Every structure is written in structure tokens, then in C-alpha cells.
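The values are calculated or read from the model by the stated rules, or taken from the named source; none is laboratory data. What you see is a predicted model; the values in this text were computed from it and never measured. Glycine gets a Cβ as well: all are built from the backbone with ideal geometry, and neighbour counts include every protein chain shown. What goes into the accessible areas is simple: the full protein's heavy atoms, side chains included, and nothing from ligands, DNA or RNA. Shrake-Rupley method; radii C 1.70, N 1.55, O 1.52, S 1.80 Å.
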Amino acid sequence: RGAAEADADRMGLTDLPGELLELILCCDVLGAADIGRVSCTCRRLREACQPRGKVSGVLGDVEILMNMFAYVFLCRWPSLLKYYSHTDGVSWLEEYKARHNAGLEAQRIVASFSKRFFSEHVPCDGFSDIETLGCPSHFFEDELMCILNMEGRKGLTWKYYAKKILYFLRQQNILKNLKEYLQRPTDQQSFLEGAVLIDQYCNPLSDICLKSVQAQVDDITDKVRKVLRTKNSRHPSLASKAGEVLIPEVELQRQVLDAMNCVLYEQLKYKGNELDYYNSLNSYIHQVLIRRTGIPISLSVLYLTIARQLGVKLEPVNFPSHFLLRWCQGKEGSTDIFDYTYIDAFGKGKQLTVKECEYLIGHHVTEEFYGVVTSKEVLQRMVGNLLNLGKRESTDQSYQLLRDSLDLYLAMYPDNVQHLMLQARLYFHLGIWPEKVLDILQHIQALDPSQHGAVGYLVQHTLEHIERRKEEVGPEVKHRSDEKHKEVCFSIGLIMKHKRYGYNCVIYGWDPACMMGHEWIRNMNVHSLPHGPHQPFYNVLVEDGSCRYAAQENLEYNSEPREIPHPDIGRYFSEFTGIHYLANTELEIRYPEDLELTRTTVQKIYSSGKE
């Protein structure tokens, strides 16, 4: 017995059964580096880290030919399988080293952004060091996602800049895909794919892909087939290869459209969004599928795609004020507008005559508006809708939708002077990317010399902006101990409530008196306040996403402090403690004595032990 115990004491990993060894290597405690070291120890352990078929209990029923190192990889980087085949012979140790280095570089760049760009918008050349990284872009994206997915209320500044960088990288990739799409022959440009590309560009941080959207459309198509089968069990659209061949008989096509209307509008309850027509979500195809509502053009893209998959050729019609589809009732390719029935996908698939189309918009139109349009023209109209919505936005002070839709429009029509000028004016108005503004203006001048007046004005003021930026000596540091600041009662990071309007906000800056111009003071009726402009004013981030400048007498401590869901919160703060925000390094430099005052104030106000 003693000899047996002695042998047991001498047992190591190499003496364990394969199943037990596999269980140990799958332990959550072990990281990618640990598995790498194990695999390099000896032949027995290296073999234990080789492909084993099914990783049971971890990935369900998913069979993956992947070694243990790759399994730990998958836990660390969930998007791994997007880039590798199950059967790829990959040196996971080398792959880990490359990804680890990418992670260090990502952390270095994200950390540097706060210091470099705290006082201004990230310039258009601010991402140049990212574009020259010596690793695949998806490595870097994965690391940024890890930062964004950090749990808790810490790392807010890192998350803020990681989000900006990821937004930029994905948009650049989507823009590249869009340009490739536009270069294809027209018959290879899917309307659905074009709609997905627009959706992706405006929502680059959302998980939107053509494969997923197509799967949802296919599911609707299958439902249509089930309804069609009950009406006509021999219908050609029920064949396995339906959609590859168009159905020539008008009556059979009509049966398809009737089945589509039944499924879309009666079973699934799709409808035009009349109550909230100008919501940008109506233009995003993945949101149309989720919310089952949209505007004429987005619903038409869905309707047309399903019809074509069932062998019915519908064509897009760029009808004014109300996008339509047309269905040929006569000879294919006919130029006679009366040979077509027009379909209103927004109006539950209603079929219209030419006269009824005019009734729909309330006036007569010429024949050219009944003609078919290309996929590029459909995308142009979709982007045009977003452009108009972007111009209407009043709460988004960054005009992100307008900027994104301008990017898309100019990707399709790079020499459109009107939209180039709008882009230049927008950047000038926001005070961002002055060097890019000059490039845009130079391009406009080359395209249309008659614009020299407007171009000259913007060039002059942009150059002045650049010169002023060069002359800036650094941030103003505000010490509370200064005599002129003695009336400032509140400090950076406190959660406040506006006495008059009731909104919740957090303080990220203050002035001993109102520093706005006379026009602003007059428009905001500041003189009607008991203390007028001669009292401290505070820069606050508001829960509705706006930034405001509030008088001290209008603010009070919030008895129930909560997180402020503002997109710029991470620009100024590194952490939310549950009661107040902690200023990040850059903000603390500007208000060096506020941090301690905020802590003291919080202890006095919330003495119930919440913090």
C-alpha cells in the first residue's frame, strides 16, 4: 500500500487519462498563455492539445476541430470563427502572440487618445497610426470590443475612445464594400445588399450582416410558400429552385403577390409607419424586420426581394414623395406606363393604376416618374431620406446622421458640388477637421470655379481657425482657492437636478460667471434670473444627450443620483461610483481641486452609507 501511495505522489499531468487531461485543460482558470506553455512542454501534452472533435459542455452541440489552445482563444475572442475555418492548420501559439501584441497596441492607442484629443474632435488624420498597424484589422477590432465589453462602471474614458476608433474602422471597411458593390454590373447589385450596406454604415457598432438579414427574409419567403401551397399545390414557386426562373403567367404571379400580402400584412402585421414617419429607424432594413414597420422605400426593398425569390419580377419606381414598385401586365420591357400595375408596399401591397398613383400624392406627374430605376438610384434615394432627417435633427449636437449620410452620398457621387459644399460647411460649423475642409474646398473649386465666392469665404475663416489653434497655449487651470472662484458652490462630477426643467445632469465644467455672448444671454433670458449672468454657470451633460450651460441658482443636488446616459460621458469621466463621477486625468488637470471637494460633498449629502 505504501508503494502505491508513493507512486500516486509521483504522478503528473502526463500520467492522467486523456479524458481527465482534457477536462483540466478546459478549466476556466487557464488562459491562452497557460495552454500555450502546456503544449510546449512535451509530446504527450502537445498531443493532448491537438484536435479532439467535440468540445462538449462548452459549445453545446457545435463540433469544432480545434485544439485546447484554440478553445481558450474562442473564449477570449468570440469572433474567432469568422476568420478561421474549423480545419485550418493554425499555429495558435504564434497567433496568440500576434493577438496579444495587437491588444497591447490597442490599449496604448486608446490611452493616448484622451490626452491627444480631449480639447478637440479627433482629426481626420488622427487614426493614421491605426491604419499602419502591423496586424490584421480584425485583431485590433477584437481588442477594442474587449475594452467596450469591460464590466462595471469603470474605464469610461477607454470605452469612449475605443468606441470612436471602432466606429471609424468599421465605417472605413463598409465604405470599401459599398464602392466594390457599386462597381459590379447592375444585374449583380442586390437591392437588399445595398440596403444592408447603408444600414451598416449608419450603425457600425451594431451586429448587422447580410447573411442574417437574408435569413430573416428567407423565413418570410417560406411562410409565403406555405400559404401559396394551400391555394395552389402545384405552383411553380414551390419548386426548390424557385426564384432562379421568373414565372411568365400573370395569374400565377398574382397568386404569389396575394400570398405575400397575406403573410406580410395580415399574419406578420407589417405596416407603414404613419405615426412616426420621420424616425431614422424606418430606413434601416434590420430595424424594419425587427419592428415590422418602415417607410415606402424600405418596405419596397423587402417586398421586391421576397417577390423575386418567388419568381415574380417587380421593379423599383422612383415616384415623387412615395416610392412604388411596378408589375408588368403587358409585354416585358414595355415603355407604356399603362402596361404596368403599381404596388404600394407602404399601403399593405395595394395595387394601383396610373390615375390612382396620382391620387396618392395629390397631383399629376409626367411619365418619366413611372420609369424603373437602378439599384444605385434606389440607394441614392434612401441616403437622401437620411440626409433630410440629419438636417432635421435638433438633439444630436454632433450631427452624426447628417455626417454619415453625406459620406454615403459622396461615396456614390464624389463630384457632387452641392453635397461637397454641405459637408465643408458642416465641418466648419462644428469646428472639426479644418485640414479636411480645405481639401474639400479645393476639390469644389476645381469642379466648379463659379463657387469661388463661397469657397473663398470658408477658406479664409478655416485658415484663421487653424492659426488660432496653433496659438493656443494650453488648457486653463481653475483653482477653487482663487478669490474670483469663491462663489462656485458645486464641483466636477456631481449629479445634479435642474430646479425648473427637472432634468438630471452631471457637472463637467464651471465658470465664476456667465461666459456666453450678449446674444445668448438675451435669447436665454438670463437677466430674468435673480442673480442674472453674475453668478457661477456650469457645463452639464444631460440625460437626454444634450450639453447645457446652467446657472447655479437653477441647480440642486440630486437626492437620487443615477448614471447619466450621455454619449460624451467618457470624454470627461473615468468612473461612476454609484453616487458621483470621477474626473479623468485630463479633466482633473483643468480642475485640480474639485476631486477632493466632490468626495467631501458626497460624504456630507449622502451620509446614509450609499457610497
Over the stretch 468-487, the set of residues assigned to a helix (DSSP H, G or I) and more than 34 Å from the chain's Cα centre (by Cα) is Glu471, Glu483, Lys484, His485
Scanning the stretch 389-435 residue by residue, the ones that are in a helix (DSSP H, G or I), open to solvent by 20 Å² or more (accessible area, probe 1.4 Å) and over 16 Å from Tyr201 (Cβ atoms) total 10
Exercise for review: Tell me, please, whether a residue that is of a type outside the set (Ser, Thr, Tyr), under 27 Å from Gly330 (Cα atoms) and in contact with a Phe, Trp or Tyr (Cβ under 6 Å, 6 or more places away or on another chain) can be found in the stretch 262-270.
Suggested key: yes
**Q.** Test for Gln189: is it in contact (Cβ under 8 Å) with a residue 12 or more places away in the chain and under 30 Å from Ser280 (Cβ atoms)
**A.** yes
Is it true that some residue in the stretch 225-242 is under 24 Å from Glu332 (Cβ atoms), touching a His at 6+ places or on another chain (Cβ under 7 Å), of a type outside the set (D, E, K, R) and surrounded by fewer than 21 Cβ atoms within 10 Å (Cβ to Cβ)? no
How many residues of the stretch 488-517 are open to solvent by 20 Å² or more (accessible area, probe 1.4 Å) and not in a loop (DSSP other than H, G, I, E, B)? The answer is 3
Filter the stretch 553-572 for residues that are surrounded by 21 or more Cβ atoms within 10 Å (Cβ to Cβ) and over 27 Å from the mean Cα position of the chain (by Cα); the one that is farthest from Val540 (Cα to Cα) is Pro561
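Yes/no matrix, rows are residues, columns are (1) within 30 Å of Cys146 (Cβ to Cβ); (2) in a helix (DSSP H, G or I):
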position	(1), (2)
Asn177	yes, yes
Ala195	no, yes
Gln216	yes, yes
Arg225	no, yes
Arg234	no, no
Leu246	no, no
Leu252	no, yes
Ala259	no, yes
Cys262	no, yes
Counted residues in the stretch 595-605 being modelled with pLDDT under 90 and in contact with a Ser or Thr (Cβ under 9 Å, 6 or more places away or on another chain) come to 1
By residue number, the members of the stretch 305-320 that are under 24 Å from Asp219 (Cα atoms), open to solvent by less than 30 Å² (accessible area, probe 1.4 Å) and in a loop (DSSP other than H, G, I, E, B) are Leu310, Gly311, Val312
Taking the stretch 282-301 and keeping only residues that are in a helix (DSSP H, G or I) and surrounded by fewer than 17 Cβ atoms within 10 Å (Cβ to Cβ), one is left with Ile290, Arg291
Among Glu575, Glu588, Glu596, the single one that is within 27 Å of the chain's Cα centre (by Cα) and open to solvent by 40 Å² or more (accessible area, probe 1.4 Å) is Glu575
Residue pairs qualifying under the 6 Å Cβ cut-off, at least six apart or on distinct chains, with the first in the stretch 451-475 being within 30 Å of Ser114 (Cα to Cα) and the second being open to solvent by less than 50 Å² (accessible area, probe 1.4 Å) and of a type in the set (Lys, Arg), are Pro475/Arg590
For this session: Looking only at the stretch 402-425, decide whether some residue is on the phi > 0 side of the Ramachandran plot and either more than 33 Å from the chain's Cα centre (by Cα) or of a type outside the set (A, V, I, L, M, F, W, C) (or both).
Result: no
Over the stretch 347-370, the set of residues in a loop (DSSP other than H, G, I, E, B) and loosely packed, with under 14 Cβ neighbours inside 10 Å is Thr353, Gly362, His363, His364, Thr366
Would you check if Leu441 is touching a residue at least 12 places away in the same chain (Cβ under 8 Å), open to solvent by 80 Å² or more (accessible area, probe 1.4 Å), in a helix (DSSP H, G or I) and of a type outside the set (D, E, K, R)? no
If we keep only residues of the stretch 264-281 that are of a type in the set (S, T, N, Q) and in a loop (DSSP other than H, G, I, E, B), then the residue surrounded by the most Cβ atoms within 10 Å (Cβ to Cβ) is Asn273
Within the stretch 321-346, residues being open to solvent by less than 30 Å² (accessible area, probe 1.4 Å), outside any helix (DSSP H, G or I) and touching a residue at least 24 places away in the same chain (Cβ under 8 Å) number 12
